[in-house]
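Encoded as structure tokens, the structure appears first; notes follow it.
Each reported figure results from applying straightforward, stated rules to the coordinates on display, with no laboratory input. Just so it is clear, the structure is predicted and the values come from calculations on it, not from any experiment. Neighbour counts run over all protein chains shown; Cβ positions are idealised from the backbone, glycine included.
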Amino acid sequence: MTTTALDLTADVVIVGGGPAGTWAALTAAAAGADVLLLDKGYCGTSGPTASGGTGVWYVQPGPAAREKAMASREALGGHLQDRRWMARVLDQTYENMNRLEAEARYPFPVVDGVAHKRGLQGPEYMRRMRSWIKRAGVRVLDHSPVTELLVDPAGTVAGVRGHRRQHDTGYRVRASAAVLATGGCAFLSKALGCDVATGDGALYAAEAGAAMSGMEFSNSYAIAPAFTSVTKTAYYGFATFFHGDGTPLAGAGSQGGRSVIAQELLRTGTVLCQIDHATPEQQALMRSGQPNFFLTFDRLGINPFTDKFPVTLLLEGTVRGTGGIQIVDDDCATTVPGLYAAGDAATRELICGGFTGGGSHNSAWAMSSGTWAGGGAARFAAALGSSAVKRRLTGAGGVAVRPTGSRPFDGDPWAEAQDVLRRQVHPYDKNYLRHGDRLRPALSELDELWQRLRAGASADPAGTPRLRQAAAMVAHARWMYTSALARTESRGMARRQEFPGLDPAQHRRLTVGGLDELWVRPESLLAPRPELAVAS
Amino acid sequence: MIEVVSASRCVTCDVCIAVCPTNVFDRGAGGVPVIARQNDCQTCFMCEAHCPADALFVAPLTHPAPPDSPLRDEDHVTDTGLLGSYRKELGWGRGRKSGARTAVGPELGRARITPAPAQGE
Ligand SMILES: Cc1cc2nc3c(=O)[nH]c(=O)nc-3n(C[C@H](O)[C@H](O)[C@H](O)COP(=O)(O)OP(=O)(O)OC[C@H]3O[C@@H](n4cnc5c(N)ncnc54)[C@H](O)[C@@H]3O)c2cc1C
Ligand code: SF4
Ligand code: SF4
């Protein structure tokens with residue numbers, strides 16, 4: 001294994017410096033903890049929020065507005081949400097957004113004399129979060145992917161290990177508590193800002209004994225102009241979609257008609273789009289609202305309002321899906337002592353149910369769950385006190401760090417994982433338009449690959465982070481398909497072609513876990529709800 | 001993907017090397033960064049936004065631009081005003097007003113669904 005060149009200590013270690021990680025760091029530091037934040041990339045630019053920006057679930061207090069906000073996506077989410085959690089997130093988001101204005105001086109637009117807080121421009125938001133946490137005394141190490149958790153003999157999380165890629169040295173952090181805020185998993189689809197989101201945290205949590213929840217809701221695909229990365233989808237609500245020959249593609253739409261686009265792409269490979277239903281005033285507002293939406297068009301010489309341009313759908317998996325690490329209390333603790341999860345790394349079912357959290361809920365969840373996880377981790381660390389430094393540390397990592405077999409992987413494990421994920425996870429007829437007859441063989445191939453990776457894959461210290469990413473994506477895909485197969489109905493975004501309807505007997509969340517052998521278990525049935533609907 | 005590093009504009013500040021989330025750049029001779037791992041580029045435009053000298057240009061494609069593409073040509077992206085355009089829209093840089101101040105999009109109603117063509121069309 002890596003010779004540990006850098007030995008660090010912290011009360012709380014935060015893995016990932018997107019919105020969830022930075023809010024966690026801020027809260028833990030404010031509680032008096034000594035905080036170290038580690039990012040695979042760069043805290044301030046890394047992750048989809050930094051490059052994409054987010055609409056935010058910012059709702060004025062007041063029962064009528066709050067009731068409307070909570071009810072808005074309940075049916076789409078298959079009524080798997082929890083009202084108490086929604087109310088908590090609305091409260092916490094309201095507070096955090098107001099703090100962003102007052103304490104981080106975020107330059108919110110002012111409309112009719114009132115600051116407009118329903119959105120955050122990504123680069124501005126995350127650069128401010130970085131300087132804010134630094135002012136609060138948080139230490140930040142960039143380009144330092146965490147590769148595994150460290151545990152004490154009782155199985156309590158006691159630190160992390162990783163690699164500083166711009167210095168080519170390993171590091172070890174002894175910590176009293178850890179927060180996983182590594183984002184979701186978008187399978188290196190090159191969706192905007194998502195290539196750092198490879199599900200690492202979920203793998204590490206599972207290795208320490210945590211489970212996942214909502215993993216069947218992981219088939220989010222976003223519209224982008226063909227061969228480009230900008231998966232900003234809001235303005236496609238003003239669009240018309242066409243067949244390759246220019247005739248309208250009936251039923252296609254960015255919400256409630258995306259599967260029609262997927263079917264046509266599968267059938268012919270081409271779907272055209274024109275944003276032809278926006279007035280000149282709306283067009284101008286789009287440009288100031290989301291300048292990055294226009295980067296692609298301006299640079300390719302496309303006028304999206306008057307030209308028909310080809311579009312594609314890029315896999316965003318659990319980034320705009322809702323599955324992730326199961327959390328068990330109001331502090332976003334996992335089932336593993338000392339380990340907390342926040343943002344896309346955690347399940348968002350509690351507020352999203354089975355519907356996408358994109359557009360507003362995810363950003364609210366990231367800042368709220370981050371705040372809670374950071375506070376919980378600081379309290380855990382304080383309770384542990386100085387006994388933390390005496391613990392014996394063991395690496396919890398398995399696949400790609402401690403092979404179980406006697407012979408090395410036969411072939412290039414990274415290339416093979418990419419190939420299997422390309423064929424069995426990205427395609428619209430596998431993960432999006434799901435059918436058991438296609439899910440089962442896909443899952444077997446992923447299982448087989450996992451067994452081989454587990455037995456033989458390994459790399460030198462510099463290559464380990466990448467191989468762990470590959471393994472994390474394969475693990476992710478297996479949890480996704482195992483849950484998808486267990487849900488024999490269509491609820492939220494988890495639809496099955498052979499089970500098109502809702503089954504009231506399946507009105508409950510699914511927990512999935514395991515690494516070599518997977519298991520899936522239904523939680524208890526939720527109270528019945530009226531007007532159940534299926535999302536598109 | 002990242003396509004252009006303007007050696008004449010670059011002030012060798014290393015910012016792009018630090019901020020690129022996927023570690024695409026290396027420090028080159030004389031301090032001007034080189035695109036060392038273009039395949040890892042996720043086309044996120046972050047390096048361009050943070051470069052204080054408007055020395056970087058990211059083509060919006062998720063694959064390398066073809067050799068004869070104007071998107072690889074520093075003169076073309078300079079003359080068309082594309083170089084530095086994202087930073088300008090963000091309102092970053094001395095004397096500029098933050099673009100976040102005016103970032104209010106249109107009200108989003110229900111997304112439109114493409115209707116079937118009218119009968120007989
Ligand atoms: C194009 C796009 C637009 C979106 N728009 C909206 C919107 O309008 N509204 C909304 O609510 N949501 C939106 N979302 C979703 C939203 O961006 C995410 O929910 C949000 O970014 C989650 O924040 P996070 O902090 O959990 O994770 P991320 O922002 O993904 O950050 C994770 C961080 O962890 C780091 N990391 C990963 N692995 C490791 C490791 N092994 N070691 C160390 N660090 C690691 C990464 O480098 C990254 O910095 C959008 C998503 C996309 C892709
Ligand atoms: S950020 Fe710009 S000026 Fe600084 S090193 Fe990179 S290219 Fe040169
Ligand atoms: S576009 Fe993004 S990923 Fe590509 S070089 Fe620039 S910062 Fe790095």
Inter-site label distance for B:D26 and A:E448 at 7 Å from Cα along Cβ, in nm: 3.8
Separation of the A:D437 and A:D112 label points, Cα + 7 Å toward Cβ, nm: 5.6
Order by protection proxy (mean Cβ within 10 Å, highest first), peptides A:275-288, A:7-20, A:257-270: A:7-20, A:257-270, A:275-288
FRET E, pair B:A118, A:S387, Förster distance 60 Å, beta-carbon r, rounded to 0.05: 0.20
Highest to lowest packing among A:309-322, A:176-189, scored as the average C-beta count within 10 Å: A:176-189, A:309-322
Net lengthening on full extension, A:A462/A:R422 (0.36 nm per residue, minus Cα-Cα): 12.0 nm
Inter-chain Cβ neighbour average for residues A:251-261, partner chain, 10 Å: 3
Simple spin-label estimate for B:H63 and B:Q38 in nanometres, 7 Å along Cα-Cβ: 1.3
The stretch A:413-506, Cα convex hull volume normalised per residue, Å³: 91
Magnitude of the charge dipole, the protein assembly as shown, Cβ model with Lys/Arg +1 and Asp/Glu -1, debye to 20: 1180
Cα gyration tensor shape for the stretch B:2-108, rounded if a/c is under 1.5, else prolate or oblate: prolate
At 1.306 mPa s and 10 °C, Stokes diffusion of the stretch A:1-73 via Kirkwood alpha-carbon radius, µm² per second: 104
Once the Cα gyration tensor of the stretch A:198-297 is diagonalised, semi-axes √(5λ) in Å: 32, 19, 12
Solitary cysteines of chain B, where the nearest other Cys Cβ is not under 4.7 Å: B:C10, B:C13, B:C20, B:C41, B:C44, B:C51
Global geometry of the stretch A:318-402, whether rounded, prolate or oblate, following the gyration tensor of its Cα atoms and the 1.5 cut on a/c: oblate
Separation between Cα centres of the stretch A:265-323 and the stretch A:9-42, rounded to whole Å: 35
Cα-based shape type of the protein assembly as shown, given that a ≥ b ≥ c are square roots of the gyration tensor eigenvalues and the cut on a/c is 1.5: rounded
Pairs of lysine residues in chain A - Cα separation under 26 Å, sequence separation of 8 or more or cross-chain: 12
Top positive-direction residue, dipole computed over the protein assembly as shown with Cβ charges, set A:A484, A:L76, B:V24: A:L76
Listed residue (A:T312, A:Q497, A:M126) projecting farthest to the positive dipole end of chain A, Cβ model: A:M126
